[in-house]
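Below is one structure, written out as structure tokens; comments come after it.
Values quoted throughout were computed directly from the atomic coordinates according to the rules given, and no laboratory measurement underlies them. Note that the structure is a prediction, hence the values are computed from the model and not measured. Here the Cβ positions follow ideal geometry from the backbone for every residue, glycine too, while neighbour counts run over all protein chains shown.
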Amino acid sequence: MTLQTHAAPLPSARPQAANVTIPWGFPEFFIISQTALPALLFLPGTQAFRLPIRTAAFAISLAAFVWWLAESTVQVRTSKAQSWVAAVMSLLAIMLFHPLTPSLGGGIAQIAVYFAVMAPLFWAPVFVRTPEHLARILWILLICSGCNAVVGVLQVYDPRFLPAEFSRVISGNDVAMGSVTFIGRNGERLMRPPGLFDTPGAVAGPAMSAALLGLIFAVSGIAAWKRLLAFTFAIAGLSAIYLSQVRISLVMTLLMMGIYTLTSFRQGRLGRASQFGMLAGAIVVGGFLIALYCGALVVTAFTQWKVAMLEGFPRLATCAAAVLSANLGTAVLIFSFTPFVTQIGIQYWFLAGALHGVAVSHGTEGA
């Protein structure tokens with residue numbers, strides 16, 4: 001088996017005309033599979049099949065490499081990075097004989113994982129030949145990452161969105177659990193949101209992609225509804241990073257945004273660079289603010305519910321039910337406009353404060 005590709009491109013390898021619609025194929029389904037396969041572990045009872053499910057995402061890449069090596073008739077100029085990949089794989093093969101290698105089979109499996117990750121460098125050029133095709137793949141990646149981030153945000157505020165089972169590799173290891181949890185404001189230990197995976201904190205990776213790609217598409221010349229959807233995914237991505245408390249992901253996301261802004265400036269696209277930079281700054285602050293504000297609304301509603309359920313103070317419980325119902329109506333308005341910059345927002349927090357005062361005066365924990 002060789003890791004070399006042919007040097008000269010054939011006519012069949014030339015990019016197709018921009019006005020030719022490229023049908024969906026393997027690249028699109030490959031991108032979707034990288035989210036869909038781990039998401040299967042969201043289903044109850046799937047932990048018993050975790051190994052084949054997790055392996056499948058890597059096996060698809062290896063299978064595509066084998067197909068490219070044996071069947072592909074499209075010849076593409078060798079990437080400069082391929083020689084470095086070959087060097088990495090050669091070094092890993094030598095390390096297989098290190099005396100501390102646990103077993104030959106385990107070492108080979110680890111090498112296979114490394115190569116499965118790098119294999120798309122060889123076979124992807126055969127499938128993706130035009131900028132339009134690449135843009136579509138990036139759009140699909142945004143949707144997958146954005147949905148992942150949205151689920152991650154929901155998991156923080158509603159445990160029902162958490163997977164039925166977490167990875168036993170993590171949940172059965174106290175040391176590992178310590179790295180994927182953090183202490184909340186009330187001193188309780190909270191699990192980092194996994195998103196559409198079964199590993200706590202795993203949402204941070206897709207959230208980074210959602211934040212970056214969402215902003216890029218939001219300033220692109222596409223349909224208005226697509227720009228709005230992209231911007232929504234970008235907000236969800238940054239919010240998921242904030243809420244997961246994975247600080248390195250936040251730092252890397254800011255770095256990614258800075259690199260894209262600088263690259264756009266160097267390309268001479270000053271308008272896009274300026275729009276992207278301003279939007280990135282706004283969403284970084286806005287995503288943090290939204291995460292905090294949503295947290296305040298959820299905590300307020302939960303405590304008001306507790307007061308409404310008190311049995312020893314029927315009149316207080318009746319008032320609490322009225323305040324809870326009125327305030328929930330105001331909170332839901334955030335899906336249509338911004339009520340918390342108007343008088344109805346003042347009303348919301350006045351009622352919340354008033355109920356808290358009455359609840360405290362009755363010797364309860366407050367609202």
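Across region 299-309, rounded Karplus estimates of 3J(HN,Hα) from the backbone phi angles (6.51 cos²θ - 1.76 cosθ + 1.60, θ = phi - 60°) give 4, 4, 4, 5, 5, 5, 4, 4, 5, 5, 8 Hz, Gly and Pro being marked x.
Karplus-based coupling profile of region 210-219, in residue order and whole Hz: 5, 5, 6, 5, x, 5, 4, 6, 5, 9, with θ = phi - 60° in 6.51 cos²θ - 1.76 cosθ + 1.60 and x standing for Gly or Pro. Packing here is the average count of other Cβ atoms within 10 Å per residue, and on that basis the peptides 257-268, 140-151, highest first, run 140-151, 257-268.
Across region 233-242, computed HN-Hα scalar couplings (Karplus, 6.51 cos²θ - 1.76 cosθ + 1.60, θ = phi - 60°) run 5, 5, 4, 4, x, 5, 4, 5, 5, 4 Hz from first to last residue, x flagging Gly and Pro. Close amide H pairs (under 5 Å, H built 1.01 Å from N) link VAL74 with no residue at least 5 positions away or on another chain.
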